[in-house]
1. Consider a paramagnetic label point 7 Å from the Cα of A216 along Cα→Cβ; state which residues of segment 250-282 have an amide N under 14 Å from it.
2. If you compute percent of Cα pairs over 35 Å apart for the structure shown, which of (i) 22; (ii) 37; (iii) 41 do you land on?
3. If each residue of separation counts as 0.36 nm, what is the full-extension length gain between L333 and A49 once their alpha-carbon separation is subtracted?
4. If you roll a 1.4 angstrom probe over the protein chains with everything in place, what fraction of the accessible area of the chain belongs to carbon and sulfur, to the nearest %?
5. When only Cα pairs under 8 Å and 6 or more residues apart are kept, what is the percent relative contact order across the chain?
6. So how do H181, H187 rank on accessible area, 1.4 Å probe, biggest first, that is with the largest at the start?
7. Hey, what's the chain come to in accessible area per residue, 1.4 Å probe, Å²?
8. Tell me, in nm to one decimal, what length is gained between L243 and A197 on full extension, where the rule is 0.36 nm per residue of separation less the Cα-Cα distance?
Amino acid sequence: MGTESAGTEQRQPVMADVAKLAGVSHQTVSRVLNGAPHVRPDTRDRVLAAIRELDYRPNSAARALVTRRSQTLGVVSFDSTLYGPASMLDGIEGAARSAGYFVSVTSLRSLDGRSVQEAVDRLRDQGVEGVVVIAPQTSAVSAVARLSSSVPVVAVGSGNQTRVPMVSVSNRSGAGEVTRHLLDLGHRTVHHLAGPANWLESQDREEGWRRTLRAAGAPVPDVERGDWSARSGYQAGLRLARLDDVTAVFCANDHMALGLLRALHEAGRSVPGDISVVGFDDIPEAAYFIPPLTTVRQDFGELGRRALELLVGQLAGATASRTHVEISPEMVLRRSVGPAARH
């Protein structure tokens with residue numbers, strides 16, 4: 001019929017096609033693509049117009065061979081749907097994209113030393129320029145401390161217990177602030193529903209709560225311990241509801257606070273009339289709890305940006321003046337707290 005067969009695929013444009021359409025050399029197209037200076041504005045405009053017209057997509061693998069830069073960063077993440085680790089990952093990915101980097105993510109079920117080392121090795125084999133390790137557990141901290149890597153590594157959420165550069169939220173100060181707020185409202189003491197003992201956030205939030213009570217000369221009650229889930233908060237709430245001297249509870253995360261609120265409601269204990277409740281994280285649903293939950297907000301976007309700053313700084317050969325960056329959280333006051341009830 002004089003036409004190409006339907007099965008013939010159209011050839012993808014290459015750099016030579018862009019150069020021909022723009023009327024410039026192959027080298028000029030390359031300089032425009034790499035953002036090189038000393039290209040005349042009208043020439044740059046012609047090249048960019050040709051790229052758009054041809055829908056040309058640079059071959060990132062070929063460019064990496066020339067520049068020895070993959071523009072790709074690796075992230076080793078804990079395989080979890082928990083709000084904190086998931087939001088850390090989202091913040092890091094967003095910051096990387098804004099900085100012009102692709103991201104390759106490896107999610108692990110276990111953050112032991114061997115698993116983390118193997119994950120970093122796999123990412124390095126993929127040609128990543130640097131690696132961010134989300135390290136919320138003590139096992140992950142130990143793994144990061146023992147890492148052997150030829151590429152820069154930054155840890156996130158690992159407190160100040162590793163030798164590699166790190167970014168974390170100041171969990172102790174956040175816990176201390178809400179505990180102090182409850183004491184200032186006249187509560188004799190504050191009970192604490194902690195997270196798992198092997199999680200750094202749990203350890204630091206418990207320490208911030210404990211230090212604040214001791215500094216105020218307030219009694220330090222026995223810790224209730226959950227597993228971050230609303231179910232564990234509910235079970236702890238059933239126990240706490242039976243104690244007449246409980247007037248305030250600080251929960252180490254918002255999901256446990258949700259379960260606690262349910263248990264207190266079923267036990268006929270009003271919030272905040274009988275018992276004030278505070279959480280940590282400021283999950284999107286916290287403002288819609290009954291009552292709306294007072295909590296501690298973490299800026300996960302800032303956490304990601306600061307981690308990328310440390311990592312990109314290392315890639316540029318800069319010597320960081322600070323290898324541990326702590327980001328201050330923010331107390332968010334809502335209607336789940338009030339003055340201590342008089343007994």
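The values are calculated or read from the model by the stated rules, or taken from the named source; none is laboratory data. Being a predicted model, the structure only gives us computed values, none of them experimental. Cβ placement follows ideal geometry from the backbone for every residue including glycine, while neighbour counts extend to all protein chains displayed. We work out accessible area using only protein heavy atoms, side chains counted, and drop any ligands, DNA or RNA first. Shrake-Rupley method; radii C 1.70, N 1.55, O 1.52, S 1.80 Å.
1. Answer for this model: 250-251, 276-278.
2. (iii)
3. Going from the current span to full extension adds 97.0 nm.
4. 48 percent
5. After rounding, I find 16 percent.
6. H181, H187
7. 50 Å²
8. 14.2 nm
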